[in-house]
């Protein structure tokens, strides 16, 4: 007899969020944007909004302490949150950090975690203003919330792209996912033969992208200086494909993405081939790249092209045309798909 | 040979927070108050501050789903956070809720949890503006952050009490802790003899205080109307004694607390006696009462005395006089102590 209850694993992350949040109606005039973008938007003063975002990192779901050093973990926990503030074109200013830890962790271990948090706070000029510290029956959980500000006329939502605009991405993609695959492979080898040393040197770049991601704060300054304002922006935490579909859905536009334009470093491609993986698939669905994906009116091309860290990877089309990838080899037009929720 | 690592259980919650946070220095001018009060304080506009607070609730540490219904849990998760905003004399306006859940929870279970969250949002007029939903290897964890606003000239910190002021508390104390003891007792009986029905009716009040706490929003309106401003305020989440010592330490004042004045309902006393517990000890150290504890200049007494939900329980003295409880029976003066961290 089938159960009358629905397994979470059958629902998918975005359907789950929709199902849980649909009954909530905003009541306060200070709530400008609620659920559904990288960060929530709250009224601040006559010229600025406050931005707020939150994320949770759970041991053995989001990180594996076998190979993730606690200092790196602390650093990354901050980065993934302030990335959401930058994705709204905001300036991150404060964070809170709550941790739930089992008794297997020593004071010294937690101090190492907080060294990483402090390092990220210094690097990205944010203040740790609060948090909660509690016991857990098992493992380590970290919940970070970030607060930032943005000028009202500079805010970038994911819902305001127009058809016939450029689609741009910062940095390079696919590496963080491949770093994770390498670390998992070497962990398995080590568990099977604990005398063998892990082979990590030749994959240093992809491993660093996984363990110690950095985010691009430089682009914001460049765009301010050159008066470039993205029509929509989002960070790539769930993979390029999924984030493009978010922009498509929120902005009611179609997407044309060119495989040959997706920025993937040679070292990333080499690691992918070593693992018998398709580099494009890693960039499209791997996630955790923490790069910025944004749309620009075509006339901004002359301004953005001098910035070395941005690649134009496609353009928006009308919603009725749908979302497609044009493949490099055969110039086939194939539908873009989002990868499902892989945690369960 | 003793370990060179320090167990968290040997440190204590407040020493742990101090140890982890001491290296952080605030860098942004918008950070007004960081770690160390009920909520952090951030610059908003010329007349208001933004308040922010965060809490984590972990299954089998903070709640037991054997007797805590998911709807009540959702409600309580909101209440414990907005209580911190009220403790700064602020108005809660937005919350974010992140959950980490193992696959044992169904979609319907999570919907029930969110029904409780929605009920609290409606009751306390706050908007759910974001969050995170993730898998966990075990159990349920809930992280809530709350945002509020407060007029600059109305903010109540815990650091601004003066000697020779009244110490006041809202509502009644000790009940939430006793509710938890009853629920734990009946759970044990049920586990040993699963045909026996739990005896809960006669302890309904204390159980409700544990499972479905409400906070006093009415006092704030009364005080605004009568132009009463507490010199310091804090919420009683960790027990009266611990919170009085927080005010003492932050404000550099001593405390004189009268046992006979501590508001404990008869029904609470009766439950305490049934369990062979001292009602005063429950009020002093039990915690989770979510009442407001505040200090007032003596001249405000005439104004506050007409408000039925407030009791004057003592007064502040100079710091050098220390913190003491005057017992009811023998009028002995005994030092106030904080209960340690009981999670581990």
Tell me, which residue of region B:100-130 that is in a strand (DSSP E or B) and in contact with a helix residue (DSSP H, G or I) (Cβ under 8 Å, 6 or more places away or on another chain) is farthest from the other protein chains (Cβ to nearest Cβ)?
-> B:101
Which one is farthest from the chain's Cα centre (by Cα), of the residues in region B:25-60 that are facing chain A (nearest Cβ under 7 Å), over 27 Å from residue A:119 (Cα atoms) and surrounded by fewer than 18 Cβ atoms within 10 Å (Cβ to Cβ)?
-> B:45
Hey, any hits in region B:68-82 for a residue that's free of Cβ contacts under 8 Å to residues at least 60 places away in the same chain and surrounded by fewer than 23 Cβ atoms within 10 Å (Cβ to Cβ)?
-> yes
Checked region A:274-293 for anything surrounded by 24 or more Cβ atoms within 10 Å (Cβ to Cβ) and either part of a loop (DSSP other than H, G, I, E, B) or under 13 Å from the mean Cα position of the chain (by Cα) (or both); matches are A:283, A:284, A:286, A:289, A:290, A:291, A:292, A:293
Please work out if residue B:56 is more than 22 Å from residue A:109 (Cβ to Cβ) and in the same structural domain as residue B:98 (by TED's automatic domain parsing).
-> no
Residue check: is residue A:99 outside the structural domain of residue A:248 (by TED's automatic domain parsing), over 30 Å from residue A:191 (Cβ atoms) and in contact with a strand residue (DSSP E or B) (Cβ under 7 Å, 6 or more places away or on another chain)?
-> no
Filtering region B:7-37 down to residues that are at pLDDT below 90 and assigned to a loop (DSSP other than H, G, I, E, B), which residue is nearest to residue A:149 (Cα to Cα)?
-> B:36
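The values are calculated or read from the model by the stated rules, or taken from the named source; none is laboratory data. Just so we're clear, the structure is a prediction, and the values are computed from it rather than from any experiment. In this analysis, Cβ positions are derived from the backbone assuming ideal geometry, glycine residues included, and neighbour counts consider all displayed protein chains.
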